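What follows is a short report on a single structure.
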């Protein structure tokens, strides 16, 4: 196995040394540009990058400052108005769309978690990437599995066409790695309690063990704060939330703080490090059969949840991520691999309501506790007399959107309880829309430009009659679930465009750059990449369409 590309190892070892992006000197141009001669034939490696919670608004806010990885992508095909078209804008559903070309209504991944009231275990919540039939599995400590994903990924299809194709994925989150690689991953890694790990029936490879050793040394020693680029100064200001503040944290790492490592920009550097090691270990891009490498960077999501979008924390995070992606590209260049890249996000996000209200957004507010499952169960039982035989009357609710009713009720009691539930939800001023399972099942799957979809169409795109709730509620714009704490100030998951809009960027050496402002969808990515590697799928295989990333020549999507 070749040694890891030096800049990654150095970044982990120093853990806080300023990357090139943070220097005051004029940034160097990207290492490879579209002006270079284009390779002939399909690329040997597809690199699919997801930046968790990378909203289109964040991309627009910081794109002028990028000088490394993002800067290279900006010389390619840029779609600033991509859409995770559905309403369930969470990590698992979003990742499930990127390399399947299918909306959650077809992938079956309707949320990070859903409920099965009749499930034969005490816990009724099911995690999107678990095997709940395994007695050792729970939604919080899952036996990780891709079984819930109902459709193949691009990697699955490439291996079906040619078993020599390699399908590899890495992320700090298990659900991201699983949903991007699918059912036939040659290697899939995510961060566990003791470093990067994989499926229970597989051994952790030398590549992951090496990165885990570096992580262990770093966590044991700690590290100083990360540098703040000069262009972050404008957002470096404290905002009070309850008894703590956000807006000024610079990610110092205390010795022994594994959680702090995992929720900082450093976890993205480790993810990139492992991605490069897996390229070498798996021999990706080295033969005449195209491979796929999926890399999901999770720290933007962790930073967004803890500190919101408009403070110095997010600015530092994106500066660090720009450097990390640039180092990944440089490592692939150094290996002489002909690769094509797509970068997008699983969902967007919204800033903390407390800061939004300081910036002329009076409608930003916290979710009404009356919309939680326990509160709704109590209110409906008091009004109707209907109660579950054991446990709560309702599951879900709150920020999830879906509400499931308890199993084992008589039909008349079930109908009475659901009718009262719908009445209470529609009367709440924070609720924008309420739908029943039957109403959604009767609707056609939406088509056309995603920015024009009605609320019902957005919800229908992430509705699965086997898994979705009995009632689905959508909150109004600017309503943020959750009681804020120092590790959690805001979230995502709404049907509004701040959660749905994400950038989509394609790059390959020799690709003529252009920017297309019209809306496209993340389900367009898989058919585009499939065309790029010469993979032909039957009509109806995709919910999306092939995008002409050759700048109008039509070559990408030509049969």
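The values are calculated or read from the model by the stated rules, or taken from the named source; none is laboratory data. Here the structure is a predicted model, which means the values were calculated and not measured. Don't worry about glycine lacking a Cβ; one is built from the backbone with ideal geometry, like all the others, and counts go over all protein chains shown.
Brief remarks on what is shown
- Unique match (being within 13 Å of residue 83 (Cα to Cα) and in the same structural domain as residue 401 (by TED's automatic domain parsing)) among 469, 448: 448
- Of the numbered criteria (1) farther than 24 Å from residue 187 by Cβ; (2) under 15 Å from the mean Cα position of the chain (by Cα), the one residue 128 fails is (1).
- Subset of segment 53-78 (residues that are touching a strand residue (DSSP E or B) at 6+ places or on another chain (Cβ under 9 Å), more than 14 Å from residue 348 (Cβ to Cβ) and either touching a residue at least 24 places away in the same chain (Cβ under 8 Å) or crowded, with 24+ Cβ neighbours inside 10 Å (or both)): 69, 70, 72, 73, 74, 75, 76, 77, 78
- Scope segment 274-326; condition crowded, with 24+ Cβ neighbours inside 10 Å and over 29 Å from residue 492 (Cα atoms); matching residues: 276, 277, 278, 279, 284, 290, 291
- The residues on offer are 185, 176, 207, 165, and the sole one that is surrounded by 21 or more Cβ atoms within 10 Å (Cβ to Cβ), farther than 27 Å from residue 485 by Cβ and within 19 Å of the chain's Cα centre (by Cα) is 185.
- Restricting 515, 521, 457 to residues that are assigned by TED's automatic domain parsing to the domain that holds residue 95 and surrounded by 19 or more Cβ atoms within 10 Å (Cβ to Cβ) narrows the list to 521.
- Filtering segment 445-472 to residues that are closer than 29 Å to residue 372 by Cβ and not in a loop (DSSP other than H, G, I, E, B) leaves 455, 456, 457, 458, 459, 460, 471, 472.
- Restricted to strands (runs of 3 or more DSSP E) entirely inside segment 222-325, those with at least 2 residues that are over 25 Å from the mean Cα position of the chain (by Cα) are 239-241, 244-246.
Let's see how each residue does on (1) assigned by TED's automatic domain parsing to the domain that holds residue 311; (2) touching a strand residue (DSSP E or B) at 6+ places or on another chain (Cβ under 6 Å); (3) surrounded by fewer than 17 Cβ atoms within 10 Å (Cβ to Cβ); (4) over 28 Å from residue 298 (Cβ atoms):
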{"position": "345", "(1), (2), (3), (4)": "yes, yes, no, no"}
{"position": "374", "(1), (2), (3), (4)": "no, no, yes, yes"}
{"position": "381", "(1), (2), (3), (4)": "no, no, no, yes"}
{"position": "386", "(1), (2), (3), (4)": "no, no, no, yes"}
{"position": "392", "(1), (2), (3), (4)": "no, no, no, yes"}
{"position": "398", "(1), (2), (3), (4)": "no, yes, no, no"}
{"position": "413", "(1), (2), (3), (4)": "no, no, no, yes"}
{"position": "424", "(1), (2), (3), (4)": "no, no, no, yes"}
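- No other residue among 224, 265 is in the same structural domain as residue 176 (by TED's automatic domain parsing) and more than 25 Å from residue 189 (Cα to Cα) apart from 224.
- Considering segment 22-52, and only residues there that are assigned to a loop (DSSP other than H, G, I, E, B) and modelled with pLDDT of 90 or more, the residue that is surrounded by the fewest Cβ atoms within 10 Å (Cβ to Cβ) turns out to be 42.
- For residue 409: the one exception among (1) part of a loop (DSSP other than H, G, I, E, B); (2) modelled with pLDDT under 95; (3) buried (at least 18 other Cβ atoms within 10 Å of the Cβ): (2)
- Failed condition for residue 527, given (1) over 30 Å from residue 249 (Cβ atoms); (2) in contact with a strand residue (DSSP E or B) (Cβ under 9 Å, 6 or more places away or on another chain); (3) in the same structural domain as residue 63 (by TED's automatic domain parsing): (2)
- Filter pass, residue 432 being surrounded by fewer than 20 Cβ atoms within 10 Å (Cβ to Cβ) and part of a strand (DSSP E or B): yes
- Listed conditions (1) in contact with a strand residue (DSSP E or B) (Cβ under 6 Å, 6 or more places away or on another chain); (2) on the phi > 0 side of the Ramachandran plot are all met by residue 195, apart from (1).
- Residue satisfying condition, being farther than 15 Å from residue 257 by Cα, touching a strand residue (DSSP E or B) at 6+ places or on another chain (Cβ under 6 Å) and without any contact (Cβ under 8 Å) to a residue 60 or more places away in the chain, within set 208, 188: 188
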